Each structure stands twice: as structure tokens, then as C-alpha cells.
1. Among the numbered conditions (1) at pLDDT below 75; (2) of a type outside the set (K, R); (3) open to solvent by 50 Å² or more (accessible area, probe 1.4 Å), tell me where G389 comes up short.
2. Considering only region 432-441, state which residues are open to solvent by 40 Å² or more (accessible area, probe 1.4 Å) and within 20 Å of L378 (Cβ to Cβ).
3. Considering each residue of region 16-72, count those that are open to solvent by less than 20 Å² (accessible area, probe 1.4 Å), among the small types (G, A, S) and more than 17 Å from Y97 (Cβ to Cβ), and give that number.
4. Being surrounded by 21 or more Cβ atoms within 10 Å (Cβ to Cβ) and more than 20 Å from C229 (Cα to Cα) is the filter here, so list the residues in region 134-156 that pass it.
5. Please indicate, with yes or no, whether at least one residue in region 415-433 is at pLDDT 70 or above, of a type in the set (S, T, N, Q) and over 33 Å from the mean Cα position of the chain (by Cα).
6. Just to be sure before I move on: is G238 within 25 Å of Q346 (Cβ to Cβ), at pLDDT 50 or above and open to solvent by 30 Å² or more (accessible area, probe 1.4 Å) in the structure I sent?
7. Assess whether E162 counts as being in a helix (DSSP H, G or I) and open to solvent by 10 Å² or more (accessible area, probe 1.4 Å).
Amino acid sequence: MPSVSEILNGADQLAVFNLLISLSESASSGKNISLALSDIIKKFLSQGGGNVQFKKLAFELCKMGSPTAEDQYILFKGVQASITYYDPEIQIVALRYLPYLNAEYLNALLESGFIRMSVTSLKATESPACRSVAIEVFSKILLHPNLVQFASSSHELAKQYEHLWEDLADAVLDSHPWVVAAAAAALKRLFSAPPDVRVLFVLESTTRRGSGATAQYDTFLVASTASHCAQRVMACLGSVLEACHIVPSPAQVDCLQMLVHLVNVALAGGGGGGVEGTGGGDSRSGNLVRHHPGFGLQTNETRRLFDRLPGSQISAVASVIATQIHSHLHATHAGVRFEACRCLLQLQLLLDAGTASGLPASDAVPVSYVVDSIGALLEAKDTVLSEAGLMEVVELFARSLAAVPGAIRERAISHFWVLLTRVPDAPSRMSALAPLWRAAIDADLESRLNPVSGAG
């Protein structure tokens, strides 16, 4: 029986294909294929060209196997050659493997300028599939913790990091719907990436003792980049919303979530605290970076990233976004309808949190929009009849009670009591019952106490 090397170097293409399929089956069943990987990597992945189908199978084998250090370096050089190759199919295959490279290789790609060059060239390619895959892959790589930490090590790398995100954010105005969808998903990942500011100050207090001293600056880099990209999106918000309209229905979910996270980033920059767990920041977080020798930024430069938008402008942006989300409450796609309900209620919670943090009161989300979202949620019970989907509807309402005005809340709770009885899982019922019961008690107490206070 011929060896792996003999089959790969032979003229029988069918035998090569059968070999790769056989190795894939072996790897899927848990067998070790490391001995065959070296020959496969040198044969198919060391250069840019070659048979696309063989390259796909070879890259999949590398994901399932454990390449040696020498093979990883060959892969590193081969992936670069394939990304710069003229064939879009080969470029896409190589891009898909990029996140599987070791962290030090990803850092090297950033430092050498290869990522910047690739983003620039791939954005200009005629293949929409190649453009969308490039945006998806590079946005995930740029949020890799090791790469973010490396980018935070110098002022030049931090600036390059921000410019890369600018290029990815600008793709939301692309003419092809799937490229717009990929850019919206990338922005959603960026806007939702910064943790709550309280984590920043915990890091600041714990890292003074010497361990993990760069974590706070990594967080600042991502947060400041998100703030900067949010400014770019808001500067052409009308065009962005028009571009989002052409996105296919399943991808509309990412567009809606991106718009809500955009408001949250704006609230964090304008002085509001955002909502816990949604990436809110604080104007004080700009002060964390001024002691970092790598950035070399002055105090006023750090603060400019967090103190740009007045409350009135945030309210205007939120109003336009609320109108856009409201238009999806009656979309044909059930998932988009449900996400529109979630986003409208979450947007109201964000604005309420901003008001509590010192921003002017905002009526960007009209009461009628909240009423419509509750009505659409109640209609969802007829289209999301699975028990898991029904529980999601009830949980969303329970989490969003604070966004619902009092009179509407009381009527809506009476409908959701009935839905709650249809949820078979007892722990899930109890998790939703607690906030619903508390809201019902508060509403009852308010109705009893108001006449007394009015008489006095």
C-alpha cells in the first residue's frame, strides 16, 4: 500500500481526494492524524495557488489535527500567500483559517501591516463573498484578547488598530447586502465588547500590585475604538439605515442589535452610564490611559473620546433608530419581529438609565412604540409555539418591565400570567414569575396609595 507522501505526489487525483476524505473521517472519530499533516501542509498549503477543493480539505484537517511548530510556520506563510492570491475562492478558504493561527503569528500580521494591507485590498475586490468573509474574520481577530493586548503596547499599533476598525466600519455603506450585513455584525461585536466601567476600576485597583497591569489599557483601547467608530456611523446615520434596509431578513437581527449598541456607546460617551452588561462606559475611564507610556496621549485627548455628544443629539439619534426598529415590528420573518420587540424595549431601558445618570429626559421612544412592541410580543405566542420560544417571550417581557409605562404594564401583566402557565419548566417559570409578581404588587400598591396622597 502506497504511503501518504507517494499518494500526494502521484498523478492520481482521485486517490488524493480519497486520502483526504479518509483522514477527515479518522480525525472526526478522534484518531491522531499528525503524522500525515506535515506532508499535506507542504503539498497544498505552503503556496498561494493550487486546487481549491484540496486546499479546503487540507485546512479542515489542520483544524482537526495538531500541526508541529515547523508546520505552523509553513501554514503562517502559506495563509499569507493564499490571502494575497488572485483567486477569490482561495482567498476565502485562507481567510477562514486565519483565526486558527497562533497568537504570536496574529500579532506579527498586525505589526508587519499585513492585516491593514489585506483589509484595504479585500475591501476593493469585486467578489462580495470575499469582502463579507474578510470583514467577518478580521473583526473577530481584532477582538482577540492577545491581539488587543499586543496592540495596546505602543501608540503606533493602537493607531493602526483604530484605523483598521474604521475601514471595517465604513463597509456598512457597501452596495451589496451581505457585505452590509457582515459590517453590521462586526460593529455589533465591537460596540458590545467593552465591559462595564466598574470592571475597569476593579482592574485599576487590583493591578497596582503588579499583576496584569495592561488589562485596563486593553479595555480602554477597545472602548475608545468603539466610541470612535460610533461617531463615524452616527455622522452618516441616514445612509447607514438605508443600507440596512437592503439586508436580507435573517441578517436584520444583527443590524437591529448594532443600532441599539450604537446608542449605548453614545450614552456612555455623553455622560450616561449605559446599561449593565451592554458595554456601557464612563467619562472617567479616559483617565485610566494617561499613565500608560505606550499611548503617549494627553489627558484632553483621552477625554475627547468620551465627552463629545450632548444629550439632545443622543436623543435625536435614538429617535431615528427607534423609528427604524419600529418598522420591523411587523416583518415577515418571526425572528426579526421578536428582535425588534427586544431592541425597542432595550432602547427604552438604555435611555432611562441615561436619564438616571444625569442626561436630560428623553422621549426618543414614544409610548406608542412600547405599546406596539408589547402587542407584537403577545402576537408572537401564535408564531413561536415551541416551549423554548414561548419562555423567551415571557422572559423578555419580565426583563423589560421597567421600560413599560405603569397603566400599560398592569394590563400587559394580566396577559402574560396566562402565558406563564404554559411554560412547563418550573425553574424558568419562577425566574419570570418573580419580576412579574413584584410589578403586580407595586401596581396594586400604587393604585391604593394614590387616592390617599391626592386627598391629603
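1. The single condition G389 does not satisfy is (3).
2. L433, P435, W437
3. Counting residues in region 16-72 that are open to solvent by less than 20 Å² (accessible area, probe 1.4 Å), among the small types (G, A, S) and more than 17 Å from Y97 (Cβ to Cβ) gives 1.
4. F150
5. Yes.
6. yes
7. It is true that E162 is in a helix (DSSP H, G or I) and open to solvent by 10 Å² or more (accessible area, probe 1.4 Å).
Each row is one residue, and each column tells you yes or no for (1) touching a His at 6+ places or on another chain (Cβ under 7 Å); (2) in contact (Cβ under 8 Å) with a residue 24 or more places away in the chain; (3) open to solvent by less than 80 Å² (accessible area, probe 1.4 Å).
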position: W417; (1), (2), (3): no, no, yes
position: V423; (1), (2), (3): no, yes, yes
position: A443; (1), (2), (3): no, yes, yes
position: R448; (1), (2), (3): no, no, no
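The values are calculated or read from the model by the stated rules, or taken from the named source; none is laboratory data. These figures come from a predicted structure and were not determined experimentally. Glycine also receives a Cβ, built like all others from the backbone with ideal geometry; neighbour counts cover every protein chain displayed. To get the accessible areas, we keep the full protein, side chains included, count just its heavy atoms, and leave off ligands, DNA and RNA. Shrake-Rupley method; radii C 1.70, N 1.55, O 1.52, S 1.80 Å.
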